[in-house]
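**Student:** Dropping a structure here in structure tokens format, bear with me for questions.
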């Protein structure tokens, strides 16, 4: 079967040069290998995602000369798929509700750091410091019934006891030059959030479900997601999903050396197009000319 690639932006802003680089890499790899290119719209964040940004994604990609298969998968139309995966993990005893707000978690971390630095995940965020996993079932049910907001977290220690020795095939390069067979370290992320009361999924959960359902064989994405692959491999193993090949690529950075953001209009594709830059110029700018 031909390889299947995907580009999966979120419609919470306009695309920039970093998105163009990743999209073009996927498009080029699909053409070179006789593969397929899918476009997925990751719009589970209802508060930030907007229809006009989704329309702009289609316009920008078409302007770049990128073609993709239709229909496009929009995550907001497939919440039942993520709910089913969450229920499977719950049946394994690996999911629990945590009721602390972000402010309460920050206070818990500050208190813990009185005894020394609190561990952080690879993105620099503190690991979940609460004890919701030990709440009695009756108390959990009472809090949920009373309408208290909650996040559904993965019991990482229990999950890692069920699945160990995970690796992935890295055909690109990690931030520290990692290549080939890479050992997954999901425990470095702590009890990650899989869903919230108002949203039946998170990025980690939805991305592995989507990739499996769409039969994506080759994942080409930025190095900023390299370490998250450990969580994705764990979820794939727990849910019995297929393992894709990964190719993480370097990031296009601004003049200050930082990763590009959608708020930086100087690198936005729409702004660059309005300034007269061509698709050929975009390719040259990101090193694909």
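The values are calculated or read from the model by the stated rules, or taken from the named source; none is laboratory data. Quick caveat: nothing in here was measured; it's all calculated off a predicted structure. For neighbour counting, all protein chains shown are included, and Cβ atoms are generated from backbone atoms with ideal geometry for every residue, glycine included.
**Student:** Scanning for something under 20 Å from residue 128 (Cβ atoms), assigned by TED's automatic domain parsing to the domain that holds residue 152, in a loop (DSSP other than H, G, I, E, B) and modelled with pLDDT of 95 or more, does the stretch 217-227 turn up at least one residue?
**Tutor:** yes
**Student:** Counting residues that are at pLDDT 95 or above, in contact with a strand residue (DSSP E or B) (Cβ under 7 Å, 6 or more places away or on another chain) and within 16 Å of residue 220 (Cα to Cα), which helices (runs of 4 or more DSSP H) fully inside the stretch 1-93 reach at least 3?
**Tutor:** Values: elements: 17-33, 51-63, 79-91.
Per the criteria, 17-33.
**Student:** Restricting the stretch 32-51 to residues that are more than 22 Å from residue 213 (Cα to Cα) and free of Cβ contacts under 8 Å to residues at least 40 places away in the same chain, which is surrounded by the most Cβ atoms within 10 Å (Cβ to Cβ)?
**Tutor:** Residues of the stretch 32-51 that are more than 22 Å from residue 213 (Cα to Cα), as a first pass: 32, 46-51.
Then keep just the ones that are free of Cβ contacts under 8 Å to residues at least 40 places away in the same chain; that gives 32, 47-50.
Values: 32: 9, 47: 8, 48: 12, 49: 19, 50: 14.
Out of the qualifying residues, it is 49.
**Student:** Looking at (1) farther than 26 Å from residue 153 by Cβ; (2) surrounded by fewer than 17 Cβ atoms within 10 Å (Cβ to Cβ); (3) in contact (Cβ under 8 Å) with a residue 40 or more places away in the chain, which is the one condition that is false for residue 258?
**Tutor:** (3)
**Student:** Assess whether residue 128 counts as being within 15 Å of residue 202 (Cα to Cα) and in contact (Cβ under 8 Å) with a residue 12 or more places away in the chain.
**Tutor:** Numbers: within 15 Å of residue 202 (Cα to Cα): no; in contact (Cβ under 8 Å) with a residue 12 or more places away in the chain: yes.
Here the answer is no, as residue 128 does not meet what is asked.
**Student:** If you don't mind, another one. Of the residues that make up the stretch 100-113, is at least one at pLDDT 95 or above and touching a helix residue (DSSP H, G or I) at 6+ places or on another chain (Cβ under 9 Å)?
**Tutor:** yes
**Student:** Under the condition of being buried (at least 18 other Cβ atoms within 10 Å of the Cβ) and more than 14 Å from the chain's Cα centre (by Cα), which residue from the stretch 213-233 is nearest to residue 286 (Cα to Cα)? Give the derivation first.
**Tutor:** Kept after step one, since they are buried (at least 18 other Cβ atoms within 10 Å of the Cβ), are these residues of the stretch 213-233: 216-222, 226-233.
So of that shortlist, the ones also more than 14 Å from the chain's Cα centre (by Cα) come out as 216-218.
Working: 216: 25, 217: 25, 218: 21 Å.
Ranking the candidates gives 218 first.
**Student:** A further question follows. Out of the residues in the stretch 235-261 meeting the condition of being part of a loop (DSSP other than H, G, I, E, B) and touching a strand residue (DSSP E or B) at 6+ places or on another chain (Cβ under 6 Å), tell me which one is nearest to residue 5 (Cα to Cα). Break it down stepwise before answering.
**Tutor:** Of all residues in the stretch 235-261, those part of a loop (DSSP other than H, G, I, E, B) come to 240-244, 250-252, 254-258, 260-261.
When the remaining residues are screened for being touching a strand residue (DSSP E or B) at 6+ places or on another chain (Cβ under 6 Å), the result is 244, 251, 260.
Details: 244: 10, 251: 19, 260: 23 Å.
If we take residues in the stretch 235-261 being part of a loop (DSSP other than H, G, I, E, B) and touching a strand residue (DSSP E or B) at 6+ places or on another chain (Cβ under 6 Å), then 244 is nearest to residue 5 (Cα to Cα).
**Student:** Right, another one. Show the residue pairs that are 6+ apart or on different chains and have beta-carbon atoms under 6 Å apart, the first residue being within the stretch 267-287 and within 18 Å of residue 25 (Cα to Cα), the second being at pLDDT below 95 and surrounded by fewer than 16 Cβ atoms within 10 Å (Cβ to Cβ).
**Tutor:** 283/289
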